[in-house]
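Below is one structure; the comments refer to it alone.
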Amino acid sequence: MKRYPTTLIIAGSDSCGGAGIQADIKTCAALGVYAATAITAVTAQNTQGVRAIQPIDSTIVRQQIEAVLEDFTVDSIKIGMLCNASIAQAVADVISHCHIPIILDPVMVSTSGCTLLEKSAIDIIVEKLFPIAEIVTPNINEACLLTNCDIQDLSQIVIAAQHLLGRGCNAVLMKGGHLPGSMATDYLVMPDRQECFSYPFIDTRNTHGTGCTLSSAIAAYRALGYPLVEATKRAKDYLHNAILHGADVQCGGGHGSLNHTYNPQSLIPIEY
């Protein structure tokens with residue numbers, strides 16, 4: 001009997017569709033992976049900012065995850081916005097014994113500056129989820145909050161990643177897109193290996209949901225059976241092209257969405 005490669009996405013909803021669960025589903029669908037979901041919060045937002053956040057009761061979050069895991073063969077898990085300590089603890093409790101690749105995107109602050117994670121949840125994420133995640137994917141701002149480091153250049157990115165490894169992470173993808181320069185450079189740092197991914201910077205406001213999209217693409221490629229480094233390389237290629245092919249599209253009045261469903265035939269090869 002055939003089945004779909006499947007990712008379970010645990011994250012919040014974005015009403016404008018560019019980030020969160022909506023971006024995660026689009027990404028998985030574009031890459032040929034079935035997306036099951038457990039929604040942790042509902043947000044009222046658009047491309048210009050977040051207006052309101054309503055966390056989902058942690059019991060319901062737990063039951064969503066349990067319902068999916070009991071019925072589906074899940075090949076990877078992507079964790080995004082967890083919102084508060086109760087939800088973070090519920091997620092940690094229910095997936096702690098899963099022998100499935102877990103991709104953790106520690107969503108803390110929105111592009112518009114809205115706080116998306118209560119401080120009380122950070123310790124739970126570090127203590128409970130870092131050790132079981134195959135990879136953690138913070139952006140610069142999130143890494144600064146997690147490490148108390150002031151990251152201003154690429155050398156400090158690697159130092160911050162090493163700090164996160166010391167806090168229990170198995171692998172860290174440090175996203176350097178917020179640093180100034182003509183290239184957007186990320187580092188995948190593991191205890192015994194480092195990989196660097198550099199791409200020409202794309203001048204566009206349409207960057208809403210880049211972190212969600214990248215972590216979901218890694219989860220999708222892991223569900224397809226690619227090893228972590230190769231899954232990350234392919235996910236980075238997908239993200240670059242999704243930004244590139246949506247760069248000149250008007251999508252709201254602020255930070256618009258990527259083009260998650262660009263024509264794969266127009267994919268631009270990336271040299272590493």
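Checking Gln162 against (1) in contact with a Ser or Thr (Cβ under 8 Å, 6 or more places away or on another chain); (2) of a type in the set (S, T, N, Q); (3) modelled with pLDDT of 85 or more; (4) under 23 Å from Thr232 (Cα atoms), which test does it fail?
(1) is the only condition that Gln162 fails.
Given the condition surrounded by fewer than 17 Cβ atoms within 10 Å (Cβ to Cβ), assigned to a helix (DSSP H, G or I) and either acidic (Asp, Glu) or touching a strand residue (DSSP E or B) at 6+ places or on another chain (Cβ under 9 Å) (or both), answer yes or no: does some residue in the stretch 213-226 qualify?
No: the stretch 213-226 contains no residue that is surrounded by fewer than 17 Cβ atoms within 10 Å (Cβ to Cβ), assigned to a helix (DSSP H, G or I) and either acidic (Asp, Glu) or touching a strand residue (DSSP E or B) at 6+ places or on another chain (Cβ under 9 Å) (or both).
Out of Ser182, Ser198, which single residue is within 23 Å of Leu31 (Cβ to Cβ) and either modelled with pLDDT under 90 or in contact with a strand residue (DSSP E or B) (Cβ under 8 Å, 6 or more places away or on another chain) (or both)?
On inspection, the qualifying residue turns out to be Ser198.
Any idea which of Ala67, Ala41 is within 22 Å of Ser96 (Cβ to Cβ) and crowded, with 19+ Cβ neighbours inside 10 Å?
It is Ala41.
Does Ala36 count as within 14 Å of the chain's Cα centre (by Cα) and either at pLDDT below 95 or among the small types (Gly, Ala, Ser) (or both)?
Judged against the criteria, Ala36 is not a match.
Listed residues Ser76, Ser58, Ser96, Ser86; which is in contact with a Pro (Cβ under 7 Å, 6 or more places away or on another chain), hydroxyl-bearing (Ser, Thr, Tyr) and over 29 Å from Gln250 (Cα atoms)?
Exactly one residue qualifies, and that residue is Ser76.
The values are calculated or read from the model by the stated rules, or taken from the named source; none is laboratory data. Everything numeric in this text was worked out from a predicted model, so none of it was measured. Virtual Cβ from ideal backbone geometry, glycine too; neighbours counted across all protein chains shown.
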